[in-house]
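Below is one structure; the comments refer to it alone.
The values are calculated or read from the model by the stated rules, or taken from the named source; none is laboratory data. Everything numeric here is computed off the predicted structure, so don't read it as measured data. Here Cβ is always computed from backbone atoms with ideal geometry, including for glycine, and neighbour counts include all displayed protein chains.
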Amino acid sequence: MKLIGAVIIISILLESIASQLIVTNTFLLLPLFTIVSLIIIYPYFNNNNQSFLLVSGATGLLYDIVFTNAMFLNGLVFLVLGFIVIITNESLSNNKLNVLIMTALTIVAYRIVTYLTLLLVDYKVFNFNELTSSITSSILLNLIYSFILFCTANYISKKYHILKID
């Protein structure tokens, strides 16, 4: 459990720092490290999906507190992402390539779900270019982060004999 908490906290801190340092209109560099952390921590729940979904929702609430003014929005969105992570982990084994695929799928899902939610509450008017731009601007940096975080968590779990599903 210490590794799970550390991954989430480090991801939130790094996302906060990165979002302060990166100009918001910089192409390909919008961090979503907290979402990436969900992908990395799932195998450490050892198929305890209920606990994982609880942590996913709680992480989303924490994300709302730290990054947004929309209380409970990301709590629900992260819960949906938790289901997506569970489904993709049932289909794909846990290795470097598949973690990158899961990261891309989860980022696309996050952007689409939040965009559709903002459309639903009339906060935005549909603009396909805006949606695709938000997706593409999130991919590269988060793929790099997921690769580094996967390798680091994998190394730590092997060194300290922390069980995880593969």
Residue pairs, Cβ under 7 Å, 6 or more apart or interchain, first in region 67-85 and without any contact (Cβ under 8 Å) to a residue 60 or more places away in the chain, second assigned to a loop (DSSP other than H, G, I, E, B) and of a type outside the set (Gly, Ala, Ser). List them. 74/68
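State whether one or more residues within region 103-124 are closer than 16 Å to residue 11 by Cα and either surrounded by fewer than 17 Cβ atoms within 10 Å (Cβ to Cβ) or in contact with a Phe, Trp or Tyr (Cβ under 9 Å, 6 or more places away or on another chain) (or both).
Taking region 103-124 as the starting set, the residues that turn out to be closer than 16 Å to residue 11 by Cα are 103, 106-107.
Now drop any that are not either surrounded by fewer than 17 Cβ atoms within 10 Å (Cβ to Cβ) or in contact with a Phe, Trp or Tyr (Cβ under 9 Å, 6 or more places away or on another chain) (or both), which leaves 103.
Yes: region 103-124 contains one or more residues that are closer than 16 Å to residue 11 by Cα and either surrounded by fewer than 17 Cβ atoms within 10 Å (Cβ to Cβ) or in contact with a Phe, Trp or Tyr (Cβ under 9 Å, 6 or more places away or on another chain) (or both).
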Keeping to region 132-162, report how many residues are crowded, with 16+ Cβ neighbours inside 10 Å, of a type in the set (Gly, Ala, Ser) and more than 30 Å from residue 115 (Cα to Cα). 1
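Can you give me the ranges of the helices (runs of 4 or more DSSP H) entirely in region 1-91 with at least 1 residues that are among the charged types (D, E, K, R)? Lay out the reasoning, then the answer.
Working: elements: 2-21, 33-41, 49-67, 73-91.
Counting at least 1 such residues, we get 2-21, 49-67, 73-91.
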How many of the residues in region 17-47 are at pLDDT below 95 and among the small types (Gly, Ala, Ser)? 2
Go through the residues of region 41-53 one by one and say whether even a single one is farther than 24 Å from residue 160 by Cα and in contact (Cβ under 8 Å) with a residue 12 or more places away in the chain. yes
Would you pick out the residues in region 26-59 that are farther than 18 Å from residue 88 by Cβ, among the aliphatic types (A, V, I, L, M) and buried (at least 22 other Cβ atoms within 10 Å of the Cβ)? 30
